[in-house]
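K.L.:
Mind having a look at this structure? Questions to follow.
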Amino acid sequence: MENEDTLASTRGRETALACVRAGIDAARPGHVVTESVRLDGDRLHVADATYDLTGVDRIVAVGGGKAADGVADALETVLGDRLSAGAVVTPEPSEGKRIERLQGDHPVPSQAGVDGTERIHDLVADADERTLVIAIITGGGSALLPAPADGISLDDLQTTTDALLDAGAEIGALNAVRKHLSTLKGGGLADLASPATVVSLAFSDVVGNDLSVIASGPTAPDESTYAEALEVLERYGVDPPAAVRERLEAGAAGDLPETPGPDDPVFDRVTNHVLADGFTAIEAAREVAADRGYDTCVLSSSVRGEAREAALTHVAVAEEVGATGNPISGPAVVLSGGEATVTVRGDGEGGPNAEFALAAAIELPEDATLACVDTDGRDGSSDFAGAVVDSDTVEDAKAARAALDSSDAYGYLDGHSIISTGATGTNVNDLRVLVVE
């Protein structure tokens, strides 16, 4: 953390930040891939599965997302010269040896991402039965791997994505729309790679690890429909560009083929592995807390909904720990993960973790500290990871509530509360650490 010395002003804050650091480190691709993937002669071991490479002529690694660069680095180390080629699209690409690193943008897709996705298309399009495609699927891949469908422009994708984000759409709803406006999402990469063997390595930033939602499921069957995509637009009050509505309406009317579903034969040679998720970070944070002498409790790894509302639940837990010793007695560390969302109400700079932290800070009891971060180091569209707060953070509750009402949590928290990490190279969603002394 770039400003940890300033932030760690109390024992509770220092503990919360140590837990956050451990959680992010545990989810870094270098550590995760090294633990999960190894090559033993002509056998490739991925988690509990083994793949025979004696019939494989080419191994190609493709994909994208915020953790894709680190996964690519680790795969180059593990596979060495068995790796034939590859390309990943990521926000901050490095220099690769065998896997090309291509620039993309998040959370709104860009032309650079379109160009990178076309390179992936070129690498996979000629795959045959003697090709092994390793698909690198990590959070952020939906925006970083845009491949506009026929009749849809990049501007159409950008406008629709922006509107849904501003409306507070949760990731599953957002991706139901994006799958039906793109060619690689919703099982499209598996379809393109068929009849190759496809092994996907996924880093989940999705509550419940739904493979069809992580990066919009390039290698997973899709059960969402054009009609459901239209319903999402209606639910969030989004009026999309005409081309978007026309395509979704045509699909709902049966004039366009649906994305491949669970019974589609393109998935006969596809295996998906979730190598890291939100619980990876939570478990590492819990170990640090226990080593420091705290009782620990995982509240949930699936917290979702409006950030300011979920924050009050965490405040209630802090109050209960202090008053009754339930669900555990203090000193205690209560952990949660998931993905909170924010409905944008003003022009301020405040992501869901900042809003979560500020809403909690207004109500936190004495001796309670709360750290909230997005493990990718980018909270919403901000340049910060999140914030750490305690009962002394808010001196003027009226001003804090005004900041929340204008979506300007970071504006209020600027100074000794904002956690700044830069891009962490991983993405397993939000991590929250509640310390009650």
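K.L.:
Work out the length of the dipole vector of the chain about its Cα centre, built from +1 on the beta-carbon of each Lys and Arg and -1 on the beta-carbon of each Asp and Glu, and round it to the nearest 20 debye.
P.N.:
On the way: 30 positive and 76 negative charges, 142 e Å.
The calculated dipole for the chain is roughly 680 debye.
K.L.:
Rounded to the nearest 20 Debye, what is the dipole magnitude of the range 179-304 about its Cα centre when Lys and Arg each give +1 and Asp and Glu each give -1 at the C-beta?
P.N.:
Working: 9 positive and 21 negative charges, 70 e Å.
Using Cβ point charges on Lys, Arg, Asp and Glu, the range 179-304 gives about 340 debye.
K.L.:
Between Ala242 and Asp263, with labels modelled 7 Å along Cα→Cβ, what's the label distance in nm to one decimal, could you check?
P.N.:
Result for the modelled spin labels: 3.9 nm.
K.L.:
To continue, here is another question. For the residue pair Asp126 and Arg401, what label-to-label distance in nm results when each label sits 7 Å from Cα along the Cα-to-beta-carbon direction?
P.N.:
6.6 nm
K.L.:
Could you check the spin-label model distance between Ala227 and Thr324? Points 7 Å from the Cα along Cα→Cβ, value in nm.
P.N.:
A separation of 4.5 nm, rounded to one decimal place.
K.L.:
Then there's this: If you take the beta carbon distance between Ser381 and Thr54 as r and set R0 to 56 Å, what does 1/(1 + (r/R0)^6) give as a FRET efficiency, to the nearest 0.05? Working shown, then result.
P.N.:
Details: r = 48 Å, r/R0 = 0.86.
After rounding, the FRET efficiency stands at 0.70.
K.L.:
Which residue, Ala332, Thr160, His121, has the largest displacement toward the positive end of the dipole of the chain when charges sit on each Cβ (Lys, Arg +1; Asp, Glu -1)?
P.N.:
Towards the positive end, the residue furthest out is His121.
K.L.:
Right, here's the next one. Sort 150-156, 16-22, 32-38 by the packing proxy (mean of other Cβ within 10 Å over each peptide's residues), most packed first.
P.N.:
Numbers: 150-156: 14.7, 16-22: 23.7, 32-38: 18.0.
Top of the packing list down: 16-22, 32-38, 150-156.
K.L.:
Now for a different question. Which of the listed residues, Ala318, Ala290, Ala276, is farthest toward the dipole's positive end in the range 272-322, when Lys, Arg count +1 and Asp, Glu count -1 at the beta-carbon?
P.N.:
Positive-most Cα among the choices belongs to Ala276.
K.L.:
Ranked by accessible surface with a 1.4 Å probe, highest first, in what order do Arg43, Arg378 come?
P.N.:
Details: Arg43 120, Arg378 70 Å².
Of Arg43, Arg378, the descending order of accessible area is Arg43, Arg378.
K.L.:
Would you mind working out the magnitude of the charge dipole of the range 268-343 relative to its Cα centre, with +1 at each Lys and Arg C-beta and -1 at each Asp and Glu C-beta, to the nearest 20 Debye?
P.N.:
80 debye
K.L.:
Also, I was wondering about something else. Would you please give the FRET efficiency between Asp291 and Asp414, computed as 1/(1 + (r/R0)^6) with r the Cβ-Cβ distance and R0 = 25 Å, to the nearest 0.05?
P.N.:
Values: r = 32 Å, r/R0 = 1.30.
The pair Asp291/Asp414 has a calculated efficiency of 0.15.
K.L.:
What is the percent carbon and sulfur in the accessible area of the chain, measuring with a 1.4 Å probe over the protein chains and ignoring ligands?
P.N.:
44 percent
K.L.:
What's the extension gain from Arg235 to Asp347 if we count 0.36 nm per residue and subtract their Cα-Cα distance?
P.N.:
Numbers: separation 112, 0.36 × 112 = 40.32 nm, distance 2.31 nm.
Between Arg235 and Asp347, full extension yields 38.0 nm more.
K.L.:
Can I ask one more? What order, most packed first, do the peptides 234-245, 425-436, 356-367 have when packing is the mean number of other Cβ atoms within 10 Å of each residue?
P.N.:
Numbers: 234-245: 15.3, 425-436: 28.3, 356-367: 23.5.
Top to bottom by mean Cβ count within 10 Å: 425-436, 356-367, 234-245.
K.L.:
Would you be so kind as to identify which of Ala357, Ala27, Leu431 lies farthest towards the positive end of the dipole of the chain, taking Lys and Arg as +1 and Asp and Glu as -1 on Cβ and the Cα centre as origin?
P.N.:
Ala27
K.L.:
Same structure, new question: Considering only protein heavy atoms, what is the solvent-accessible area of Tyr412 at a probe of 1.4 Å, reported in Å² to the nearest 10?
P.N.:
60 Å²
K.L.:
For the chain, take the longest principal axis of its alpha carbons; what is the angle in degrees between that and the long axis of helix 111-125, to the nearest 10 within 0 to 90?
P.N.:
For helix 111-125, the angle is close to 40 degrees.
K.L.:
Between the range 333-371 and the range 164-205, what is the C-alpha centre distance in whole Å?
P.N.:
Going from one Cα centre to the other spans 28 Å.
The values are calculated or read from the model by the stated rules, or taken from the named source; none is laboratory data. Not measured: the values here are computed from a predicted model. Backbone-built Cβ (ideal geometry, glycine too); neighbour counts: all protein chains shown. Only protein heavy atoms, including side chains, enter the accessible area calculation; ligands, DNA and RNA are left aside. Shrake-Rupley method; radii C 1.70, N 1.55, O 1.52, S 1.80 Å.
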